[in-house]
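A short write-up of the structure that comes next.
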């Protein structure tokens with residue numbers, strides 16, 4: 001399965017040490033702007049992303065139609081990287097992995113399929129590829145690194161532990 005990633009989700013998955021595992025399961029595609037955003041700061045996450053690009057586990061694609069991207073950016077008040085990711089996901093007819101609130105709202109408005117770092121965590125647990133204690137630890141890291149509301153984290157923890165959340 002191909003998924004276009006926004007910088008937010010790519011960086012979050014790198015920080016909680018799940019990006020390599022995800023890259024082994026799905027074809028990760030990023031627009032050039034997202035690559036630039038992810039590699040703009042030095043750190044373990046940017047080093048991992050660089051490595052995965054070199055290993056061809058992350059494919060960098062040119063986003064294309066600049067006018068359409070600028071329109072998306074203006075209409076939804078999102079940043080350039082998010083707009084490029086959204087445009088690329090629509091043009092490739094695949095989901096977008098995004099943890100940016102305004103971009104998630106844009107996806108809902110235009111009917112774009114999306115997933116988040118928390119969804120990847122749920123999927124790994126449901127496939128028995130990540131044990132619950134480790135998943136809870138990763139969720140705690142996500143709450144530290146991500147901009148999730150307390151309610152989202154509490155609901156996710158409840159769902160991981162088998163509640164309906």
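Things to note:
- The range 121-135, residues that are closer than 19 Å to residue 14 by Cβ and not in a helix (DSSP H, G or I): 129, 130
- Taking the range 1-92 as the region of interest, the helices (runs of 4 or more DSSP H) fully inside it that hold 2 or more residues being in contact with a strand residue (DSSP E or B) (Cβ under 7 Å, 6 or more places away or on another chain) and under 24 Å from residue 109 (Cβ atoms) are 7-15, 80-92.
- Checking 52, 88 one by one, the residue that is closer than 19 Å to residue 8 by Cβ and in contact (Cβ under 8 Å) with a residue 60 or more places away in the chain is 88 and no other.
Each reported figure results from applying straightforward, stated rules to the coordinates on display, with no laboratory input. A quick note: this is a predicted structure, and the numbers were derived from the prediction, not measured. As a convention, Cβ positions derive from the backbone with ideal geometry for all residues, glycine included, and neighbour counts pool all protein chains shown.
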